[in-house]
1. From the convex hull of the Cα coordinates of segment 144-183, what is the mean projected area in square nanometres?
2. Once you wrap a convex hull around the alpha carbon atoms of segment 43-182, what is its projected area averaged over all directions, in nm²?
3. What are the lysines whose alpha-carbon lies under 19 Å from the alpha-carbon of Lys86, with same-chain residues fewer than 8 places away excluded?
4. Given the pairs Lys55/Lys102; Lys110/Lys256; Lys110/Lys131; Lys122/Lys256; Lys193/Lys256; Lys102/Lys131, which span a C-alpha to C-alpha distance of over 23 angstrom in this model?
5. Against the 2.2 N^0.38 Å scaling, with N counting residues, where does segment 101-161 land? I'd like the Cα-based Rg ratio to two decimal places.
6. Amide H neighbours of Glu258 under 5 Å, at least 5 residues apart or on other chains, H built in the peptide plane: list them.
7. DSSP loop trypsin sites (Lys or Arg not before Pro) in segment 123-178 with at most 12 other Cβ atoms within 10 Å of their Cβ, which ones?
8. Quick one: what are the phi-derived ³J(HN,Hα) couplings along segment 179-188, Karplus 6.51/-1.76/1.60 with θ = phi - 60°, whole Hz, x for glycine and proline?
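Only the coordinates and a few stated rules stand behind these numbers; no lab work does. Quick caveat: nothing in here was measured; it's all calculated off a predicted structure. Note that each Cβ is placed from the backbone with ideal geometry, even for glycine, and that neighbours are counted across all protein chains shown.
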Amino acid sequence: MNMQKVSTLMMVLVGGVCLLAGCQDKPVDVDLGAGSPTTGSGDITRRPRYVYGVKIGIWTFRVPLGQLSKNKALWSCLDEERTALKSKILGLNGIRVGVGGKGDLEKVDKILKTMMASNYSKSVLQIFNNKSGAIVVGRNMPAQTIFLYSGSKGIAGNDYPPGDNLIRISAAADSSSADKSLLTITPEIRSDKTELQIVREHGTARLEEVPLRFPFKVVRFQLKMTNGEFIIIAPGVQANRPTSLGHCFLTSLDNKVEFEQLLVLHPEVVRIEMKN
């Protein structure tokens, strides 16, 4: 499949090229209102109000085709049981997911260096109010044919219109804990085609042309994360099948050389004080 992919991230871009070890992301300031709590004679002291969100540091690497899915050293550093309920479905569709702890980050960095991994993007995504953001792993893709394994239903193929290949991330912070979050991750195609829909924003409804979206819910997975942990999303063995989801979303062709893409997600709960 001769496809050119550009890993473009729809979020706050942070410059610089580095591997994992020692990388620190600077969160973007969020101003949620004007003014500040005041106290004075006759005034009631206002308690500060906070909104919780999740800041996700994202590193994107690429390595020559075939190195990621079979690298035992890399996957031995990661816990794949965290996605146990979906690991078989993910694997059959050419996607492999693992979770690492604080002590594993440096190990993974060294392994990536031995694979001559090139870090060609680094960014930060901040999500508040349980909304979602997206990583574009393939921009301006031609029409694609993708065969999905869905467990008991077997395998089925569909043709999808031109558009962008996304990894959509929804994130919710646990307000009762200072360091725990829940991430929901879904590959999807955002089509170039649009349809007229009613869009509601700030209590106002309006008609708007919005892109048709094709989420691959069969491979949607959730992970409960603690600050300091990180997620790796990479092609699995079945990504060598050209019509697999892993091949279409996590491989690329550059000057007739095939590469695999690896995503490292580093979520962290953040708290922003709301101004009155």
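1. Details: hull surface 19.6 nm².
Hull-based average projected area comes out at 4.9 nm².
2. Value for segment 43-182: 13.0 nm².
3. Reachable lysines: Lys153, Lys217, Lys224.
4. Details: Lys55/Lys102 17 Å; Lys110/Lys256 28 Å; Lys110/Lys131 34 Å; Lys122/Lys256 25 Å; Lys193/Lys256 30 Å; Lys102/Lys131 26 Å.
From Lys55/Lys102; Lys110/Lys256; Lys110/Lys131; Lys122/Lys256; Lys193/Lys256; Lys102/Lys131, over 23 Å: Lys110/Lys256; Lys110/Lys131; Lys122/Lys256; Lys193/Lys256; Lys102/Lys131.
5. Working: Rg = 18.0 Å, N = 61, 2.2 N^0.38 = 10.5 Å.
Segment 101-161 yields a ratio of 1.72.
6. Residues meeting the criterion, in which the H sits 1.01 Å from N, are Leu65.
7. On the way: sites: Lys131, Arg139, Lys153, Arg168; in loops: Lys131.
Here the trypsin sites (Lys or Arg not before Pro) that fit, given the DSSP loop and packing criteria, are Lys131.
8. 9, 10, 9, 10, 10, 10, 10, 9, x, 7
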